[in-house]
There are 2 protein chains.
Amino acid sequence: MYTIGKLSKKTGVTVRTLDYYDEIGLIKPSSKTDGGHRLYNDEDVMRLERILALKYMGFTLEQIKEILKGATTTWYESIQQQLELVKREQKRLSMLEKALLGVSHSLEFEREVNWSLIFGITQLFQQDQEDLFQQYDDYLNEEEINKIIDMDAQMTEEDIKEWLKVIGDIKHNLDIDPVSEKAVQLAESWLSQVEKMFGNDEALLEDMREALQNLKEGVAFYPMDKDVIDFLERVFIAKEELK
Amino acid sequence: MYTIGKLSKKTGVTVRTLDYYDEIGLIKPSSKTDGGHRLYNDEDVMRLERILALKYMGFTLEQIKEILKGATTTWYESIQQQLELVKREQKRLSMLEKALLGVSHSLEFEREVNWSLIFGITQLFQQDQEDLFQQYDDYLNEEEINKIIDMDAQMTEEDIKEWLKVIGDIKHNLDIDPVSEKAVQLAESWLSQVEKMFGNDEALLEDMREALQNLKEGVAFYPMDKDVIDFLERVFIAKEELK
DNA sequence: ATAAATCAACACGTTACGTGCGGTTCAATA
DNA sequence: TATTGAACCGCACGTAACGTGTTGATTTAT
């Protein structure tokens, strides 16, 4: 027989928590003293341990109450459901991580907080990737879209950093002469970055270029808006003409 | 100028939420009508959009309040801190996922809910892996411990399932004759599983065997308690003697 | 028997709002 | 201009899982 204090020490759960579990009917003590103090026996202890295990597995107290009186079928369903929840949360966190990394690196390259970049990144990760790329449907085929999504998912921190550096550089020099050496250099570093990501898939690159040119909404796969695209176009056209 | 309803529609945030943000001083409307209705201008809208972006990035409203009036240094720190938080949560979820998968598969192999298995699995994932393997310090060297931790982290769902099947089978037959064909078969399926995981590192296997034999606490790397170990020992000893 | 420790029971605080209410103000129509 | 319906304000209570603190009763140790 344990008083509530002993039980608390034995299990590491605070007295208040046991209070609360009593209050919501999760564990009622099996007996009481004449004065009204709660006494827990070994069976109660076992029940508490089960509660703690289930809590660790991420169930709410309400779910635990149900599970502890339920059949095996309830069990299996509950666990599958919980697994689904965990997987969704993992997806969300992985997007969140990328968004934070993006903002973090952008802070390194620019002296001020770049809000439009932040909006771009968060928008980019807000809805499901598939939904996001829906708008490119007119320009890219399914295979190409999947290739981009796949690549996006596999981007490492280093990749994000490099992209942001290249695009950040360009954004700071949008107004320079398209035929200047600096402009050509910027365009080339962008091109090499693209090549590193997509390889030499000329058809894909061409389709993407067309998509980016035509879409009103600025943000593309990475925080590359129309400003940047237009700059690149100017440089490439100038280069063509020089030949 | 937007009334609170228009702003709500424009941004997708509920009126109550805007109410609340006003209440805690996160966005005060820049002006009001004579009757007291709140009016928001473009600057207010921008502030709201920033708030939403930060909220998506996982900050609390209190943090957002601080960030929005702070300097760039605050920014960088906040983001790093948030990244840390995300990474910890990712770790936790990955353990949680494994625990749930373990219980799920154990439900497939046994007809009833196996609480001791659940305790084993949750204990296994509760504290940090390094802490957990601390107790093996006397028997395994650092390199070996790291190898096990590494292997544990890389276990796929399929691996977990196979382990649980093998161990579950053994647990259901703890009392059979160690020289019976069934016993030998069980021991061999266990051995092949071990080999699949650890390769042919004889020294590691021997050290692990010793550790498992000597530790009072039953749970080892997978829900394999002393019962199982003892069974395996009996079979192997019987085999030796038969030779 | 008395002091010290423990306990029960209650209340309020936490986060980010949802839901609902009565009363006021706004915008559009008769 | 008067009316009416929609929008709005301010307030209050509810949520999940407890933490913190209080007061008064009970148990334990001396």
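The values are calculated or read from the model by the stated rules, or taken from the named source; none is laboratory data. Computed from a prediction, not measured in an experiment: that's the story for all the values here. Cβ: placed from backbone, ideal geometry, glycine included. Neighbour counts: every protein chain shown. Only protein heavy atoms, including side chains, enter the accessible area calculation; ligands, DNA and RNA are left aside. Shrake-Rupley method; radii C 1.70, N 1.55, O 1.52, S 1.80 Å.
In this label model, residue A:134 and residue B:77 are separated by 4.2 nm, measuring between points 7 Å along each Cα→Cβ vector. Each of residue A:151 and residue A:198 was given a label point 7 Å from its Cα along the Cα-to-Cβ line. The distance between the two points is 0.6 nm. For chain B, the longest principal axis of the alpha carbon atoms and the long axis of helix B:226-242 meet at an angle near 30°.
Taking both sides together, the accessible area buried where B meets A is about 3800 Å² for a 1.4 Å probe.
The C-alpha atoms of chain B occupy a region whose extents along the principal axes are 100, 40, 27 Å, arranged from largest to smallest. Within straight-line reach of residue B:32, meaning a Cα separation under 18 Å, sit the following aspartates and glutamates at least 8 residues removed in sequence or on another chain: B:19, B:22, B:23, B:42, B:43, B:44. Mean per-residue shielding of peptide A:90-100 is 5, counting Cβ atoms of other chains within 10 Å of each Cβ. Working note: Karplus 6.51/-1.76/1.60 with θ = phi - 60° gives the stretch B:59-70 the couplings 7, 7, 4, 5, 4, 4, 4, 5, 4, 5, 10, x Hz, where Gly and Pro are set to x. Pop the C-beta distance of residue B:39 and residue B:60 into the FRET formula with R0 = 25 Å and round what comes out to the nearest 0.05. Step by step, r from the Cβ atoms, then E = 0.35. Per residue, the average separation of C-alpha pairs within less than 8 Å and at least 6 apart gives chain B a relative contact order of 14 percent.
Note on residue B:87: accessible area is roughly 80 Å² with a 1.4 Å probe, heavy atoms of protein only. Taking the C-alpha atoms only, the angle from helix A:157-171 to the longest principal axis of chain A is near 40 degrees. Per-atom-type breakdown for the protein assembly as shown gives carbon and sulfur 47% of the accessible area (1.4 Å probe, protein chains only). Using the Karplus relation 6.51 cos²θ - 1.76 cosθ + 1.60 with θ = phi - 60°, the per-residue 3J(HN,Hα) values for the stretch B:25-34 come to x, 7, 9, 8, x, 6, 7, 9, 6, 4 Hz, with x marking Gly and Pro. Against chain B, whose longest principal axis is taken from its Cα atoms, helix B:72-109 shows a tilt of about 40°. Counts of other chain beta carbons within 10 angstrom of each beta carbon in peptide B:53-59 average 5.
Past 21 Å, Cα to Cα, is the threshold; run B:98/B:165; A:98/B:10; A:91/B:91; A:87/B:196 against it and keep the listed order. Table pairs above 21 Å Cα-Cα are A:98/B:10; A:87/B:196.
Within the assembled protein chains, the solvent-accessible surface assigned to residue B:234 is about 100 Å², based on a 1.4 Å probe.
Sorted shortest first, the distances from the residue A:174 label point to those of the same residue in the other copies are 7.1 nm; each point sits 7 Å from Cα along Cα-to-Cβ. Spatially, the stretch B:34-59 and the stretch A:143-202 are offset by 33 Å when compared through their Cα centroids. Counting only GluC sites (Glu not before Pro) that DSSP places in a loop and that have at most 13 other Cβ atoms within 10 Å, the longest clean stretch of chain B runs over B:1-111.
Pairs of alpha carbons in the stretch B:2-58 separated by more than 16 Å make up 36% of all such pairs.
Rolling a 1.4 angstrom probe over the protein heavy atoms with all chains in place gives the stretch A:41-156 an accessible area of 52 Å² per residue.
Exposure check, 1.4 Å probe, all protein chains in place: residue B:182 carries approximately 90 Å² of accessible surface. As a ratio to 2.2 N^0.38 Å, the alpha-carbon radius of gyration for the protein assembly as shown is 1.30.
The 3J(HN,Hα) values that the Karplus relation (6.51, -1.76, 1.60; θ = phi - 60°) gives for the stretch B:135-149 are, in residue order, 5, 8, 3, 6, 10, 10, 7, 4, 4, 5, 4, 4, 4, 5, 4 Hz. Gly and Pro appear as x. Between identical copies, the spacing of residue A:242 label points, each set 7 Å from Cα toward the C-beta atom, reads 8.2 nm from nearest to farthest.
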